[in-house]
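These notes are about the structure you will find just below.
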Ligand code: MLT
């Protein structure tokens, strides 16, 4: 069951409240320079970003989808790993807020010529970007760059570590699908995440965000694709998908991350589908209110059947993409408020985590 939060006032008792009393005032509502992972965020900070995204969901549904909030600022999207939807989503988010957005693709960058990550970071820094969005195949690479540059850094996915904006957009999508207003957490909501949990940054960030918001999370994977001691993250592990689905209200399916596997992790795609796929048959046995999510890209016919992915009312997959732009707009707005000297957001430069 989902309940409304009474307040989001878990910040330091010293923190004063914003005028509406919902969050600590000004920059204390989100006292971080970077967004490198959900693991750094308190529950009320996650809710703050979700609530900030609401206005952009509304703007993005209008014909004129433009705000001048980031006018004059330069955002660099530095993608060292291939991406279509996340890169496009960040690019659209930056442009809708009026920023100058530049995309750097690793395939055409000096990285291919042997430049080190630190040299690339120093180069991006010297270009005086106002925010850098980074995707990298190595876990921890985004933090490495964040430690070397002077502007906010947003993690667009680092190896199998974190993908924080994906988890935020998933939480926002769930909140909307359940008709929950601002400030709502996901207390008691039963979510089952199934797939390649071991290599999935989406699983990791979602586990952190969903449990922080009070959801009860089951994770399901073949033994070889389940991280050791996953229970320490506050979730229940399963190897039997049908058992993991019992009581689920939301099912989140994940792709097999072949590019991060060395060796054979599953016997065959056919067997994987049979045991761990959200097939039409398995979906048909679920109660009619169960919602389905997938971060994309999907392997149709392996982890999810097309009729399930395209279900007109119970699949949230296209709504996830829509929420993604709004969440990224909120993150870019919030993280650049100090640069833009937004009143209330300038005083605490040295206190930033
Ligand atoms: C990711 O970047 O991790 C994607 O959104 C999910 C995937 O690649 O399977």
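This table checks each residue for (1) over 25 Å from residue 176 (Cα atoms); (2) touching a strand residue (DSSP E or B) at 6+ places or on another chain (Cβ under 8 Å); (3) at pLDDT below 95.
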residue: 254; (1), (2), (3): no, yes, no
residue: 268; (1), (2), (3): yes, no, yes
residue: 283; (1), (2), (3): no, yes, no
residue: 287; (1), (2), (3): no, no, no
residue: 304; (1), (2), (3): no, yes, no
- request: For region 135-142, indicate whether the set of residues that are within 22 Å of the chain's Cα centre (by Cα), within 23 Å of residue 53 (Cβ to Cβ) and either within 16 Å of the ligand (Cβ to nearest atom) or assigned to a helix (DSSP H, G or I) (or both) is non-empty.
  value: yes
- request: Working only within region 251-265, note down all residues that are in a loop (DSSP other than H, G, I, E, B) and within 15 Å of the ligand (Cβ to nearest atom).
  value: 254, 255, 256, 257, 261, 265
message: Scan region 56-69 and tell me whether some residue there is farther than 22 Å from residue 338 by Cα, assigned to a loop (DSSP other than H, G, I, E, B) and in contact (Cβ under 8 Å) with a residue 24 or more places away in the chain.
response: yes
field: Filter result (assigned to a loop (DSSP other than H, G, I, E, B) and within 16 Å of the ligand (Cβ to nearest atom)) within region 70-85
entry: 80, 81, 82, 83, 84
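Every residue, every condition in (1) on the phi > 0 side of the Ramachandran plot; (2) at pLDDT below 95, yes or no:
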{"site": "71", "(1), (2)": "no, no"}
{"site": "75", "(1), (2)": "no, no"}
{"site": "83", "(1), (2)": "no, yes"}
{"site": "86", "(1), (2)": "no, no"}
{"site": "89", "(1), (2)": "no, no"}
{"site": "95", "(1), (2)": "no, no"}
{"site": "98", "(1), (2)": "yes, no"}
{"site": "102", "(1), (2)": "no, no"}
{"site": "106", "(1), (2)": "no, yes"}
query: Is it true that some residue in region 181-189 is within 16 Å of the ligand (Cβ to nearest atom) and buried (at least 18 other Cβ atoms within 10 Å of the Cβ)?
result: no
- request: Go through region 273-315 and give me each residue that's free of Cβ contacts under 8 Å to residues at least 24 places away in the same chain, part of a loop (DSSP other than H, G, I, E, B) and within 16 Å of the ligand (Cβ to nearest atom).
  value: none
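Quick one: count up the residues across region 257-278 that are in contact with a helix residue (DSSP H, G or I) (Cβ under 7 Å, 6 or more places away or on another chain) and crowded, with 17+ Cβ neighbours inside 10 Å.
Total satisfying the criteria: 4.
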task: Could you tell me which of the residues 165, 74, 86 is more than 17 Å from the chain's Cα centre (by Cα) and touching a residue at least 12 places away in the same chain (Cβ under 8 Å)?
output: 74
task: Would you mind telling me which numbered condition in (1) within 14 Å of the chain's Cα centre (by Cα); (2) surrounded by 23 or more Cβ atoms within 10 Å (Cβ to Cβ) residue 212 fails?
output: (2)
- line: Counting only residues in region 144-153 that are surrounded by fewer than 24 Cβ atoms within 10 Å (Cβ to Cβ) and in contact (Cβ under 8 Å) with a residue 60 or more places away in the chain, the one farthest from the ligand (Cβ to nearest atom) is identified as 151
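For region 159-239, which fully contained strands (runs of 3 or more DSSP E) count at least 2 residues that are modelled with pLDDT under 95 and in contact with a strand residue (DSSP E or B) (Cβ under 9 Å, 6 or more places away or on another chain)?
Of the strands (runs of 3 or more DSSP E) lying wholly inside region 159-239, none has at least 2 residues that are modelled with pLDDT under 95 and in contact with a strand residue (DSSP E or B) (Cβ under 9 Å, 6 or more places away or on another chain).
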Failed criterion for residue 219 (all others in (1) within 16 Å of the ligand (Cβ to nearest atom); (2) in contact (Cβ under 8 Å) with a residue 40 or more places away in the chain hold): (2)
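The values are calculated or read from the model by the stated rules, or taken from the named source; none is laboratory data. Being a predicted model, the structure only gives us computed values, none of them experimental. Cβ atoms come from the backbone with ideal geometry, glycine included; neighbour counts cover every protein chain shown.
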